[in-house]
Amino acid sequence: MAKKKVVLAYSGGLDTSVIIKWLMERDYEVICFMADVGQGADVEKSRRRALKIGATKCIVGDLKDEFIRDYAFRALKAGALYQGKYNLATSLSRPLIADAMLRVAKEENASAVSHGSTGKGNDQVRFEVTFQLKAPKLEVIVPVREWELTTRESEVDYAKKHKIPIEQTKKKLYSIDLNLWGISVESGKLEDPWVEPPKDTFISVVRPEVAPSKAEYVKVTFKKGIPAAINGKAHAPVKIVQKLNQIGSVHGVGRVDMVEDRLVGIKSREVYEAPASAILYAAHTALEELVLDRETRKYKKALGDRYSDLVYNGLWFTPLREAIDAFVDKTQEDVSGEVRLKLYKGSVTVAGRKSPASRYKIEMATYGEEDVFDQSMAKGFIEFWGMPYRQ
Ligand code: ARG
């Protein structure tokens, strides 16, 4: 009888390398799937490692464009920041990766899928809810939740015993997840929320202390809420993010240090790096301030918070997320224009904004000669405004 096939979300790291062997020992044929979401690691090297360990195939999917276009920029348009701070870089990548795995599973006629996320985190939920909603019949195997290799040392020993080529040592400093939209760093010394993030938690961004003492200005153009150009030059979405990551990281922009609430109830201390996203969120918000009317802004803000919860909690492929996207797209019809930002030693500040659809009326706002605001009307307005509350 042919072996059962399983598609494994493979990262090239210790956990998922050990998982290949573990699944093989349980008589599965393992097909690895590596998602390229712009993590910048040596994908080819990892691919060879997977095959060496015994995977029959290792398929690499370039998901960068889809990730930025259909996931990251949607969250940006919605103004979604989990608990007001985290841009959801890891959270957004999981449903995309899970969905791509399901495509591979179908092509390969696999009966199972597997991932290396732990039972304490959010990522397991994001993977498995996607599997559950889109391919309920597939078996889901999560070795980390059930195996006996509970410590890093035991995993390294297992790897050595089975001649699994690994780079890691027994002591791992941090757990790091990378993609184009952001880097998430947790565990190790960061587990003490009183400890300032050590130097070695700066992965791509320079420390503000050593950033240039001369500010840099960058201009971002938006079309219907989507970033379309930098300093007047049009680029595709992925390129925009790559360029802004590069510009922002030099100035130490985009670091977030927070204690967040995981879905499974644990509080967790996390450090994030997302320079492009920090610039784009600041710019997008500034443009909306100029263009959106007061009530739409307020309503959209609440939906953006809701959106961040949905994404964080693994509910990407749900009707509410799609409905909020439709609402957000309606609000973005006029969110076109330019924002000028100043990057300086870890900060990003809006220096200027303009839009053809601006609701800012200089003749209303000014205290100068062009003023057309009829101040005499204010008296009657205030009469009516306070009327409902008078005794
Ligand atoms: N706390 C973030 C989230 O839940 C990041 C998780 C990062 N994962 C990791 N393996 N370091 O989205």
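Side notes on the structure shown:
- The C-beta contact set for region 214-240 (first residue farther than 21 Å from GLY79 by Cα and at pLDDT 95 or above, second residue outside any loop (DSSP other than H, G, I, E, B) and of a type in the set (Gly, Ala, Ser), distance under 8 angstrom, 6+ apart or interchain) comprises TYR217/ALA351; ALA234/ALA228; HIS235/ALA228; HIS235/ALA229.
- For region 81-115, the set of residues classified as of a type in the set (A, V, I, L, M, F, W, C), within 12 Å of the ligand (Cβ to nearest atom) and not in a loop (DSSP other than H, G, I, E, B) consists of ALA89, LEU92, listed by residue number.
- Considering residues of region 196-226 that are touching a strand residue (DSSP E or B) at 6+ places or on another chain (Cβ under 6 Å) and within 16 Å of the ligand (Cβ to nearest atom) only, the residue farthest from ASP65 (Cα to Cα): PRO197
- Residues of region 164-195 that are closer than 26 Å to ASP36 by Cα and more than 16 Å from the ligand (Cβ to nearest atom): ILE164, PRO165, ILE166, GLU167, THR169.
- Leading residue by the ranking (nearest to the chain's Cα centre (by Cα)) among those in region 116-139 that are within 16 Å of the ligand (Cβ to nearest atom) and aliphatic (A, V, I, L, M): VAL125
- Residues located in region 171-193, provided they are in contact with a Leu (Cβ under 7 Å, 6 or more places away or on another chain) and outside any loop (DSSP other than H, G, I, E, B): GLY188
- For region 28-45, filtering for residues that are in a loop (DSSP other than H, G, I, E, B) and either at pLDDT below 95 or small (Gly, Ala, Ser) (or both) leaves 5.
- Taking the criterion of being over 18 Å from ARG262 (Cα atoms) and hydrophobic (A, V, I, L, M, F, W, C), the residues of region 168-208 that qualify are LEU173, LEU178, LEU180, TRP181, TRP194, VAL195, PHE202, ILE203, VAL205, VAL206.
The values are calculated or read from the model by the stated rules, or taken from the named source; none is laboratory data. Since the structure is predicted, the reported quantities are computational estimates derived from the model, not experimental observations. FYI the Cβ positions are ideal-geometry reconstructions off the backbone, even for glycines, and counts take in every protein chain you see.
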